[in-house]
1. Can you give the calculated 222 nm mean residue ellipticity of the chain, where each DSSP H run of n ≥ 4 adds -39,500 (n - 2.57) and the sum is split over every residue, rounded to the nearest 500 deg cm²/dmol?
2. To the nearest 10 degrees, how steeply does helix 120-129 sit against the main Cα axis of the chain, on a 0 to 90 scale?
3. Find out how many positive minus negative residues lie around Asp80, taking Lys and Arg as positive, Asp and Glu as negative, among other residues whose Cβ is under 15 Å from that of Asp80.
4. Can you flag which of Lys70/Lys143; Lys84/Lys128; Lys64/Lys254; Lys149/Lys169; Lys149/Lys280; Lys134/Lys183 are past 22 Å Cα-Cα?
5. Among (i) 79, 50, 44; (ii) 67, 53, 43; (iii) 189, 72, 27, find the value of Cα extents along the principal axes in Å that was calculated from the structure presented, and write down its label.
6. With +1 on each Lys and Arg Cβ and -1 on each Asp and Glu Cβ, and nothing else charged, work out how big the dipole of the chain is about its Cα centre, in Debye to the nearest 20.
7. Could you tell me which of the pairs Lys48/Lys357; Lys207/Lys267; Lys77/Lys126 are separated by over 22 angstrom between their Cα atoms in the structure shown?
8. For every other residue with a beta carbon closer than 9 angstrom to the beta carbon of Met217, add +1 if it is Lys or Arg and -1 if Asp or Glu, then tell me the sum.
Amino acid sequence: MNYRNNLPNLGFGCMRLPDSYEESEKLVLKAIEKGVNYFDTAYIYSGKEVLLGKILHSNNMRDKVRIATKIPLFMCKTYDDLDKIFEKQLIRLQTDYIDYYLLHMLNNPAELSGLLAMGLDKWVNKKKEDEKIKHIGFSFHGKGGDFIKLIDGYNWDFCMIQYNYLDIKNQAGLNGLQYAHSKNIPVIIMEPLRGGLLADTKRIPKKAADIFKSETMSPAQYALRWLWNHPEVSCVLSGMKTMWQLEDNIVVAKDSNPNCMSEDELKVIERVTDAFNELKTIPCTGCDYCMPCPAGVNIPGCFSAYNAYCMDKKSFNQYLLNTGATHSKRGTAKGCVGCGQCEPRCPQSIPIQASLKKVGKKMEPLWFRIGMPIVRKYMARKSPENDKTL
């Protein structure tokens, strides 16, 4: 495994680990065996801190890895909240210390000012003095200008940004990546494949898929190597859910260094990016931070199906499946009641309500609105509860 700033260039993002303990244990242990020793999780990743902690403790692997986890800022109303949450994380992870601790989704200077007024600096210094926290950083999903101000606003040990070849000008973007590097702050990359989109030839635009057909590298390999081509990138987190994904990522990581891509390979990325930009898709990564919806709308499912339809007009059935439209109208885009609870939670700052209206207009035409109630009534009569032959 290659290292940059004392970090492996490939890190393990645990948010998408399988729920099965056995499957996750095999993945984590294989990753460690192959030299991946940076594991990223968070307080709000349902069950993942507990899962990772159990795997590492049961296999005596704690001292062989670096654990990164995040504290949810929306739950930190007082100084004491910092300790309460942190201590709970230590218990979940079955450890006495955290190697890389992040303020989760710190997106603007005002938030940082409020935390400093609360006593954040005193708290961090005490935790470092007690060797409970080794490195302090933050994850970011805000605007580029705010990222620069945040970098300058505190003595950070590292930071984490969303970055891939579609996000050069989004969020922190290339300017933010280069600025943090100029300040000697290691940068961890999340969403390198945009929630798996950039790795799936069935989900990317047909024009992009056709470009990759003539290449020896897969779309995922291209996307990862493009990141490692940047000298400013320290570690790329990959949410590996299968052994095949893990082994494939490790192979690519071993052969990827700063400036490793040829001019021809970089031109492939440019052509693929152009193919994406021709489509007006919604930049949802399927992280589920917006869920659950009080009205029952499957927000990520609606966006995923809409994007798939934009790329392939034959994929309308995905909308029916994702939203459960044949069984209930609650999951569809037009089920949005405009409460707005989802939007502050979205890391991509997607105008979710307006986007759902766009999805509803495209994916729920007149025939859909007339036909689905009839289909639902038919399906209800065919349900086991109403089947008199049983």
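Every read-out reported here was derived from the displayed coordinates using simple, explicitly stated rules and does not represent laboratory data. Because the structure is a prediction, the values reported are computed rather than measured. With ideal geometry, Cβ positions are generated from the backbone for all residues, glycine too; neighbour counts draw on all protein chains shown.
1. Theoretical 222 nm ellipticity from helices: -13500 deg cm²/dmol.
2. Helix 120-129 sits at roughly 60 degrees to that axis.
3. With Lys, Arg at +1 and Asp, Glu at -1, the net is +3.
4. With Cα atoms farther than 22 Å apart: Lys149/Lys280.
5. Working out Cα extents along the principal axes in Å from the coordinates points to (ii).
6. 1740
7. Lys48/Lys357
8. -1
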